[in-house]
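The values are calculated or read from the model by the stated rules, or taken from the named source; none is laboratory data. Given the structure is predicted, the values throughout are model-derived calculations rather than measurements. Cβ sites come from the backbone with ideal geometry, for glycine too, and all protein chains shown count toward neighbours. When the accessible area is computed, the model is the full protein with side chains, heavy atoms only, and any ligands, DNA or RNA have been set aside. Shrake-Rupley method; radii C 1.70, N 1.55, O 1.52, S 1.80 Å.
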Amino acid sequence: MLTKFETKSNRVKGLSFHSKRPWVLASLHSGVIQLWDYRMGTLIDRFDEHDGPVRGVHFHKSQPLFVSGGDDYKIKVWNYKTHRCLFTLLGHLDYIRTVQFHDEHPWIVSASDDQTIRIWNWQSRTCISVLTGHNHYVMCASFHPKEDLVVSASLDQTIRVWDIGALRKKVAPADDILRLSQMNTDLFGGIDAVVKYVLEGHDRGVNWASFHPTLPLIVSGADDRQVKLWRMNDSKAWEVDTLRGHTNNVSCVLFHAKMEVIVSNSEDKSIRIWDANKRTGIQTIRREHDRFWILAAHPEMNLLAAGHDSGMIVFKLEREHPAFSVSGDTLFYVKDRFLRLYEFSTQKDNQVVPIRKPGSVSLNQGPRTLSYSPTENAVLICSDVDGGTYELYIVPKDASGRSDYMQEAKKGAGGSAVFIARNRFAVLDRSSNQVVVKNLKNEIVKKGLLPVASDAIFYAGTGNVLCRAEDRVAIFDLQQRVVLGELQTPSVKYVIWSSDMESVALLSKHAIVIANKKLVHRCTLHETIRIKSGAWDDNGVFIYTTLNHIKYCLPNGDSGIIRTLEIPIYITKVSGSNIYCLDRDGKNQVISIDATEYIFKLSLLRKRYDLVMSMIRNSQLCGQAVIAYLQQKGFPEVALHFVKDEKTRFNLALESGNIQIAVASAKEIDDKDHWYRLGIEALRQGNTSIVEYAYQRTKNFERLSFLYLITGNTEKLSKMLKIAEIKNDIMGQFHNALYLGDIQERVKILENAGHLPLAYVTAATHGLKEVADRLATELGENVPSLPKGKPRSLLLPPAPLMCCGDWPLLRVMRGIFDNGLDLGRAGQEEEEDAPGADWGDEELDIVDIEGAMQNGDIVADIEDGEAIEENEEEGGWDLEDLELPADVDTPKAAGNSRSSLFVAPTPGMPVSQIWIQKSSLAGEHVAAGNFDTAMRLLSRQLAIKNFAPLKPLFMDLHAGSHTYLRALSTAPVISFAVEKGWSESASPNVRGPPALVFKFSQMDEKLKAAYRATTEGKFPDALRQFLNILHTIPLIVVDSRREVDEVKELIEIAREYVLGLKIELKRKEIKDNLVRQQELAAYFTNCKLQKIHMRLVLTSAMTICYKGGNCSTAANFARMLLENSPTEVQAKKARQLLQHCGDKKDVNQLNYDYRNPFVVCGATFVPIYRGQKDVSCPYCGARFVPTIEGQLCAVCELAVVGVDASGLLCSPTQIR
């Protein structure tokens, strides 16, 4: 059983399928009738006018009606379109068990516990016959689908078949006497319905009886737990067989419309399927806690519904997806126990090989999948027989059309089998999760374990299988035993590869996953209605079907409906605008589709704009869906050409920045809101003329005044002042005077308005002495006092950015959709097509102020909105023609120049961003202003942690790599990046590296200055200069490898001097410890210094040690000094010291051994002799005792000691 839909509700007593729509009616024990859509799984409606349980319900075959009967003795006829009960039929005297419409006549048959069956005419709303004869409750009654018969079942243990042929001839009586006799006949039984057969055989009350749809058979179920089969002919009816198996009362039983089976259900909580020919049980479907009460079969489809104690289920007995395989121009598929071959090009259909039939009728034992090897003409058919088996057939070349040809198929066990090479196929052994590869003789070639626990395998290219697990799929190479790709998906039912094997669609029940051949995910599509099949078309679009639609899926995941379907189909191939498919009966069909919509969207996606343009011109593509799609995808300018509705055109024009079309649409709409929005967009574009026009149309004087202020149009501002005066708008007058900077006018307005103190303050502050004196006289004692000693700040308007003109518009190239797209005006040459027409320089209806002011009724005119659109010839606003400059440089495409669609150039990447895009040089990142990435680079390359000393260098470097331009008085300063080696002849598209203010050549000067300070004994100054060199080097960029080596050499020189100078400064700080002073002087001699400085250091150390009584050490320094080419004075001093010391020993023991090579720790200033452990600074290379690891380097003061770093990067040559 394949469950399609399930509901949870009160006990379901009645069920009925709609013949055309995917609807099922369920009447409940609670008195509610529910209308469900079993495809969508949604409750559409509920009807609850019955009082008490509703036991019977039935849809009319063709009218929008259904009938219901309940325990309230009422039969109600409903219209499901209007959601109401049309009328109620009264007559039964007890519970109504079943109701049913006749397929052809306007009749309803009802069965009741009042022991009668009634037939009603629902058009005349009368009872036309009462069938009496049962002597207990009548549990069901139904019409024969073809003949004039009714079958009924009763608790009197009989089934009765009634002949109602006379009802056809019955005509409504004409007069009252006839009607009275008619009523008597109806009441006591008439001759219009007679009992044809009484079937006796059940031992207990019979609950259900139903006719076979085509054969003269009846099936019944009763409280004796038996299902009985009866046959009838013209003269008699007899019992054929009894089906035993139910363990409680049989509630309902019926024949399946499409299969030779009987379906029954029972209060023993089971549904049983019986073979109608062999009269044996095939399958039992059980529920744990729910008794079954009712069954219904779909009149045209392979669907059943069963009602139970807590809801209902809609189910199928067998899957209907045909097994097929497509290879080139041929389709192999299975139908009616034959393997058939269909050719797409000729549409010929032949049966090829008969297929083994299972011994008994069995459910879901038919072919499930089919795999074909074209070179060997071999077919593998898999089915669920015996838990999963495959059959291998070799199709002979000449066998087409020969139905007598038989061959014994090679069989084997396996859940799924697919060809993976010309003469090899793989079989899945689920028990061991192995793939067994076999040859065409059905012999095992090799075995192998699968990487994931699989329940099915599919073809995935030669030598590969696609393994399906519960929540994922994987492609496995059987030869190399490697997983080529893996993807998480819902449970996959079908796998469909594109013809080039580059793309694959994985179909689940409600989802499609599209991936490439390595199972890299591209998109996922979800459907609420079950997905049935699919195929790839020639353009790489996936076409698929659901239960009721053919749909498409583009490579980016966009989907849409191509057409609706009456019945489900299974696509086998898509070729051009033809879809080849199989229906559920295994018939081949060709469906023509209109592919325009998805080809249009695909062309947009692939930027095939030539195709897009031709489709716009030639096709009838339109509708809200396409317009919304174009808007969503960022093509509002294309959507403009589909739209006739002015409001939509206006919105699209604003979105695409097309002011000209927006103005035209706004004129048509002429609505305040649209003019307002047009003004906002025109202001954004800097098209002040259109802004002005929009504000005039809405009489928005405040905004107009402000617009004139920012554009510096004082002439128009003066006119606005006059308008405010005429309208007697004092605030408007004051604002305009303020904007004009007209102080006399402001004083006059304040005085006229009676604000004399304010008028006096304004006049006095702005130096209008005469006016101020006059006002002071008027005010008398009430003259306000002005604050003393405070400077006056006058309220004057700011200077405008640009005076009296449109903002300069960006020069743009013509757009791709600029020509020939304006469908409404295509081919019409118009006078307006001047070079400037694209920028909206058409004549506008603008208010004429001066003309209006000469008119005595100016106030009334402005109030009534009639000042607009008159006296255009007299100047007024001087805006009749906007006189925009024609943009002669804009290249004009040939053809219709009305189209004003332009594609603005995409904003370029800032130069500073280009600098850092591929650079790993910290200096270039600093120059670009990206300090954070520069710090990360320095941290990674040199382990620098302390950036405080580098901050001023960062700031200098960034500022020095940019130059600044002041454009307009109130506009912000514009910065320009300065490139290294820029020249006027350089291409604007090629960007050079930044020009850096720190150059390596400057380091030479700094080094000389530091040497000089050292020679002069200015140690703190020298130390500062050497440290500055060390701090600048990480930000330097050099061009050659030789210079890189020189930079590294400079680091070593600076390090030695910084270390030596720090030792010397430390020695000078120590006053009381003579031994430590001698040691530090000795360590200074170990630094690698210039000869001139080394001689000075040795002289100093020699003197200090001699004075401290360490003659031996002093003599050693004297000898070293003599080896260093000393001056005469130094040599003389050294020789004297050597004579004086002779063989004298040292008085104090020093931590200094000149015989053993050592380096000095940069933090503790102690010697680290050869062989002892040490750590070093990743930047300057200074050495330290191990305890200093992790601390800041005391020499360069930048990096962390002992950290791994990649090393100094100061040249592009190091990266290549």
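Listed values, structure above:
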{"quantity": "Test: residue in the stretch 582-592 that is closer than 30 Å to Arg649 by Cα, part of a loop (DSSP other than H, G, I, E, B), more than 20 Å from the chain's Cα centre (by Cα) and at pLDDT below 90", "calculated": "no"}
{"quantity": "Residue within the stretch 697-706 that is over 33 Å from the mean Cα position of the chain (by Cα), charged (D, E, K, R) and farther than 30 Å from His766 by Cα present", "calculated": "yes"}
{"quantity": "Inter-residue pairs, beta-carbon under 7 Å, first closer than 12 Å to Ile571 by Cα and in contact (Cβ under 8 Å) with a residue 60 or more places away in the chain and in the stretch 321-334, second outside any strand (DSSP E or B) and open to solvent by less than 30 Å² (accessible area, probe 1.4 Å), 6+ apart", "calculated": "Pro322/Gly586; Leu331/Phe344"}
{"quantity": "Wholly within the stretch 71-142, strands (runs of 3 or more DSSP E) carrying at least 2 residues that are over 20 Å from Val206 (Cβ atoms) and open to solvent by 40 Å² or more (accessible area, probe 1.4 Å)", "calculated": "84-89"}
{"quantity": "Ser499 being over 24 Å from Glu320 (Cα atoms) and over 22 Å from the mean Cα position of the chain (by Cα)", "calculated": "yes"}
{"quantity": "Of residues in the stretch 18-42 being touching a Leu at 6+ places or on another chain (Cβ under 7 Å) and not β-branched (Val, Ile, Thr), the one nearest to Asp94 (Cα to Cα)", "calculated": "Ala26"}
{"quantity": "Pair list, Cβ under 8 Å, 6 or more apart: the stretch 1131-1143 residue in a helix (DSSP H, G or I) and surrounded by 16 or more Cβ atoms within 10 Å (Cβ to Cβ), other residue small (Gly, Ala, Ser) and modelled with pLDDT under 90", "calculated": "Cys1141/Ser1112"}
{"quantity": "Condition met for Arg684 (of a type in the set (D, E, K, R), more than 19 Å from Pro797 (Cβ to Cβ) and open to solvent by 40 Å² or more (accessible area, probe 1.4 Å))", "calculated": "yes"}
{"quantity": "Residues (polar (S, T, N, Q) and in contact (Cβ under 8 Å) with a residue 24 or more places away in the chain) located in the stretch 492-536", "calculated": "Ser498, Ser499, Ser503, Thr524, Thr528, Ser533"}
{"quantity": "Some residue of the stretch 747-768 being of a type in the set (Lys, Arg) and either open to solvent by less than 40 Å² (accessible area, probe 1.4 Å) or within 58 Å of the chain's Cα centre (by Cα) (or both)", "calculated": "no"}
{"quantity": "Matching strands (runs of 3 or more DSSP E) fully within the stretch 1-44 where at least 1 residues are open to solvent by 20 Å² or more (accessible area, probe 1.4 Å), among the hydrophobic types (A, V, I, L, M, F, W, C) and touching a residue at least 24 places away in the same chain (Cβ under 8 Å)", "calculated": "2-8, 23-28, 33-37"}
{"quantity": "Residues within the stretch 1015-1036 that are part of a helix (DSSP H, G or I), among the hydrophobic types (A, V, I, L, M, F, W, C) and touching a residue at least 60 places away in the same chain (Cβ under 8 Å), tallied", "calculated": "4"}
{"quantity": "The stretch 432-463, residues that are under 41 Å from the mean Cα position of the chain (by Cα) and assigned to a loop (DSSP other than H, G, I, E, B)", "calculated": "Ser432, Asn433, Leu450, Pro451, Val452, Ala453, Ser454, Asp455, Ala460, Gly461, Thr462, Gly463"}
{"quantity": "Of all residues making up the stretch 238-247, the number that are in a loop (DSSP other than H, G, I, E, B) and either under 21 Å from Trp162 (Cβ atoms) or open to solvent by 50 Å² or more (accessible area, probe 1.4 Å) (or both)", "calculated": "1"}
{"quantity": "Residue within the stretch 628-647 that is of a type outside the set (Asp, Glu), in a helix (DSSP H, G or I) and modelled with pLDDT of 80 or more present", "calculated": "yes"}
{"quantity": "Subset of the stretch 1203-1216 that is open to solvent by 30 Å² or more (accessible area, probe 1.4 Å) and in a loop (DSSP other than H, G, I, E, B) - its residue that is farthest from Ile1053 (Cα to Cα)", "calculated": "Arg1216"}
{"quantity": "Filter result for Ala737 (of a type in the set (Gly, Ala, Ser) and closer than 21 Å to Glu781 by Cα)", "calculated": "no"}
{"quantity": "Filter pass, Val590 being open to solvent by 10 Å² or more (accessible area, probe 1.4 Å) and touching a residue at least 40 places away in the same chain (Cβ under 8 Å)", "calculated": "yes"}
{"quantity": "Residue, modelled with the lowest pLDDT, within the stretch 687-729, restricted to residues that are open to solvent by 20 Å² or more (accessible area, probe 1.4 Å) and among the hydrophobic types (A, V, I, L, M, F, W, C)", "calculated": "Ile710"}
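This table checks each residue for (1) crowded, with 20+ Cβ neighbours inside 10 Å; (2) among the hydrophobic types (A, V, I, L, M, F, W, C).
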site	(1), (2)
Cys553	yes, yes
Ser559	no, no
Val574	yes, yes
Arg584	no, no
Leu602	yes, yes
Leu605	no, yes
Arg608	no, no
Val612	yes, yes
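Okay, residues lined up against (1) at negative phi; (2) open to solvent by less than 60 Å² (accessible area, probe 1.4 Å):
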position	(1), (2)
Gly311	no, yes
Val314	yes, yes
Arg337	no, no
Arg340	yes, yes
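Results for (1) over 60 Å from the mean Cα position of the chain (by Cα); (2) open to solvent by less than 70 Å² (accessible area, probe 1.4 Å); (3) farther than 23 Å from Ala1194 by Cβ, shown as yes or no for each residue.
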residue	(1), (2), (3)
Ile1070	yes, yes, no
Leu1080	yes, yes, no
Leu1096	yes, no, yes
Thr1103	yes, yes, yes
Ser1125	yes, no, yes
Lys1145	yes, no, yes
Val1159	yes, yes, no
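Residues checked against (1) surrounded by fewer than 18 Cβ atoms within 10 Å (Cβ to Cβ); (2) of a type in the set (Lys, Arg); (3) touching a His at 6+ places or on another chain (Cβ under 8 Å):
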residue	(1), (2), (3)
Lys228	no, yes, yes
Lys236	yes, yes, no
Phe255	no, no, yes
Val261	no, no, no
Trp274	no, no, no
Arg279	yes, yes, no
His289	yes, no, no
Leu295	no, no, no
Met301	yes, no, no
